[in-house]
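Please treat every number below as a calculation from the coordinates, not as lab data. Since the structure is predicted, the reported quantities are computational estimates derived from the model, not experimental observations. Here Cβ is always computed from backbone atoms with ideal geometry, including for glycine, and neighbour counts include all displayed protein chains.
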Amino acid sequence: MVDYQALGRRLKAKRRSMKLSQAQLAKAVQISMSFYGNIERGNRVPSIDTLVALANVLNVSTDYLLAESVNVAKKQTISRTDSIRIQRYLRDMIDVLDYSTESPNDKE
């Protein structure tokens with residue numbers, strides 16, 4: 001789900017950093033100031049076209065605007081011991097492969 005409150009906070013912060021009023025930004029993306037104000041407060045949902053227009057005017061990516069809504073999988077790590085065990089297992093499995101037999105695709 002999209003966190004529209006977070007989207008509004010990001011829009012507001014970026015708009016302020018660019019020293020734009022709500023009216024100026026709304027005019028630039030061709031929406032009403034009232035609608036933009038509601039987007040910033042998280043009360044209204046912008047269309048994809050409006051979201052892209054906002055991102056373009058603010059010179060940010062839509063990813064930036066939606067960052068708090070995206071669940072990014074955390075990098076999974078394994079212990080050194082498990083890594084060594086996996087390497088040994090794979091070496092053992094390679095050793096047991098029989099390369100002397102023909103595969104069905106090798107026949108003419």
Legend entry - Full-stretch length increase - M18, I86 - with 0.36 nm per residue and alpha-carbon distance subtracted: 19.3 nm
Legend entry - Per-residue ³J(HN,Hα) for segment 46-57, Karplus 6.51 cos²θ - 1.76 cosθ + 1.60, θ = phi - 60°, Hz, x for Gly and Pro: x, 5, 4, 4, 5, 4, 5, 4, 4, 4, 5, 5
Legend entry - Computed magnitude of the charge dipole of segment 1-98 (debye, nearest 20; Cβ of K, R +1, Cβ of D, E -1): 700 debye
Inset, instruction - Determine ³J(HN,Hα), in whole Hz, for all residues of segment 23-39 in sequence, where each value follows from phi through the Karplus function 6.51 cos²θ - 1.76 cosθ + 1.60 and θ = phi - 60°; x replaces Gly and Pro. - result: 4, 5, 5, 4, 5, 5, 9, 6, 10, 6, 5, 4, 5, 4, x, 5, 5
Legend entry - Karplus 3J(HN,Hα) series, Hz, for segment 58-69 with 6.51 cos²θ - 1.76 cosθ + 1.60 (x for Gly, Pro): 7, 6, 10, 8, 5, 4, 4, 5, 9, 3, 6, 9
Legend entry - Computed FRET value (nearest 0.05) for V96 with A67, which takes r as the C-beta separation and R₀ as 41 Å: 0.30
Inset, instruction - Express in nm, to one decimal, how much length is gained between N43 and Q30 on full extension, taking 0.36 nm for each residue of separation and deducting their alpha carbon distance. - result: 2.8 nm
Inset, instruction - Answer rounded, prolate or oblate for segment 1-65, using the Cα gyration tensor with square roots of eigenvalues a ≥ b ≥ c: rounded when a/c is under 1.5, else prolate when a/b is larger than b/c, else oblate. - result: rounded
